[in-house]
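Let me begin by presenting the structure, written as structure tokens, before commenting on it.
Any read-out appearing in this document is the output of simple, stated calculations on the displayed coordinates, not a laboratory observation. Computed from a predicted structure; not experimentally measured. Here Cβ is always computed from backbone atoms with ideal geometry, including for glycine, and neighbour counts include all displayed protein chains.
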Amino acid sequence: MTQDGNDQAITPEALWERLEAGEPVELLDVRNREEINAWQIDGERVSTTEVPYMRFLSARVNDEVASLVDPEQSYVVVCPRGEESAEVTADLRAAGIDAQNLAGGMEGWARVYLSTTIAEDPTVLQYHRPASGCLAYAVVSGGDALVVDPLRAFVDRYAADVAALDAEITHVLDTHVHADHVSGVRELAAATNATPIVPAGATDRGLAFEADTIGDRETIAIGDADVEVLATPGHTTDAVSLVVDGTLLSGDSLFLDGVPRPDLQFGTAAAEELAGELYDTLTDRLASLPDDTVVAPGHVPPGRRPDADGVYTAPLGELRDRLAAFSEERTAFVNRIVDSIGEPPANHERIVAANLGQESLTDEDAFEVELGPNNCAVAVD
């Protein structure tokens with residue numbers, strides 16, 4: 001699948017289809033070292049060759065472009081916006097090397113957004129952004145819809161998808177104050193005349209816009225469905241999860257491959273305390289949920305392939321058996337989590353300020369500040 005019938009380019013969506021199918025992909029990344037270190041395209045069968053664009057410019061003068069790569073390899077060429085990579089692709093093809101330009105570059109990759117139905121009656125849609133691993137959800141019942149953890153960059157998408165199901169968005173909710181992406185709660189609520197909802201704990205963090213708040217064990221009526229709220233602190237003090245007819249929308253409180261980091265709200269000084277809260281969430285607050293509860297998290301690692309049904313979910317009982325977090329002693333868990341903390345999400349302090357309504361961002365700035373991996377999890381279990 002190429003762009004505009006031109007086999008020199010591949011769309012980001014077509015690249016995702018190849019990755020999801022498990023096909024081997026050799027990327028030729030012509031960005032600078034800082035850009036590559038900050039953010040890459042990952043996948044189980046992705047290999048990357050790194051050659052800066054400036055080296056291709058020099059090689060072009062001396063007609064030595066082919067010397068910079070493996071002439072027997074097929075490449076997808078990547079740059080920030082698809083411009084430099086288009087030049088490199090043309091040079092490679094002129095030298096007889098199989099190459100395609102990633103149309104739109106990494107920015108185009110960041111605009112890929114996919115949806116899959118993970119439950120029926122009520123309908124639950126799972127949204128996936130492969131570039132960052134962010135997941136969002138829409139719960140649809142009786143003509144009403146609740147959108148959970150929407151991304152500002154895709155506000156129009158949620159409204160269109162819900163309308164296609166003959167429903168209207170009535171509520172929009174964030175499971176916590178996000179630090180890795182700019183929330184679309186306010187924009188989506190304004191566009192659809194829906195009620196914006198945030199966890200009650202967000203007010204203690206300096207919430208600066210009008211929204212309804214929700215607390216532990218409260219419910220939200222969506223058509224014929226009742227959505228139950230569970231307080232699940234640990235990643236942040238305000239974090240909640242949602243139970244919808246046997247599905248747990250766990251936000252950033254539980255992932256399929258591990259658990260969230262506890263340092264983004266207060267820094268490392270309070271990480272031990274929040275890690276202890278997270279332990280209580282996993283072993284106590286979620287204890288009443290049966291093993292067949294379907295866990296649908298707020299993130300997956302970029303490059304993780306979905307299951308055989310094309311979704312990112314797992315039974316809670318499987319996670320209880322597989323993840324060390326459910327079997328460790330409290331002190332061992334806290335120590336392991338604190339020791340596993342890595343680099344924070346890019347621009348996380350600015351993103352938190354925007355999501356609290358303390359800072360205003362244009363649509364362009366909102367898109368730019370969240371580019372890159374989410375980094376909201378600690379080491380994989």
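Pull up the DSSP beta bridges for the chain and report the antiparallel fraction as a percent, rounded to 5. Show your work: numbers first, answer last.
Details: 34 of 62 bridges.
Roughly 55 percent of the beta bridges in the chain run antiparallel, per DSSP.
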E318 versus E343: modelled label distance in nm, points set 7 Å from Cα along the beta carbon direction: 3.1 nm
Local electrostatic count at E218 - Lys and Arg +1, Asp and Glu -1, tallied over other residues with Cβ under 13 Å: -3
Amide H within-cut-off set for T123, under 5 Å, with H built and near neighbours excluded: V140
Among (i) 35.2, 113; (ii) 20.8, 64; (iii) 21.7, 69, the entry that matches Rg and Dmax of the Cα atoms in Å as calculated here: (iii)
Inter-part distance where the stretch 334-376 and the stretch 178-224 are each reduced to a Cα centre, Å: 18 Å
Centre separation in Å (Cα based) which lies between the stretch 48-99 and the stretch 104-141: 33 Å
Surrounding net charge for A271, when Lys and Arg each add one and Asp and Glu each subtract one, Cβ distance under 11 Å: -4
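Among residues other than P345 whose Cβ falls under 14 Å from its Cβ, what is the net charge (Lys/Arg +1, Asp/Glu -1)? Walk me through the numbers before you get to the answer.
Details: positive: R129, R261, R350; negative: D180, D252, D263, E343, E349, E368, E370.
Net charge around P345: -4.
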Quotient of C-alpha Rg and 2.2 N^0.38 Å, computed over the stretch 1-153: 1.23
Considering only the stretch 210-349, percent of DSSP beta bridges that pair antiparallel, nearest 5: 75 percent
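Mean projection of the alpha-carbon convex hull of the stretch 176-276 over all orientations, in nm²?
On the way: hull surface 29.3 nm².
For the stretch 176-276, the mean projected area of the Cα convex hull comes to 7.3 nm².
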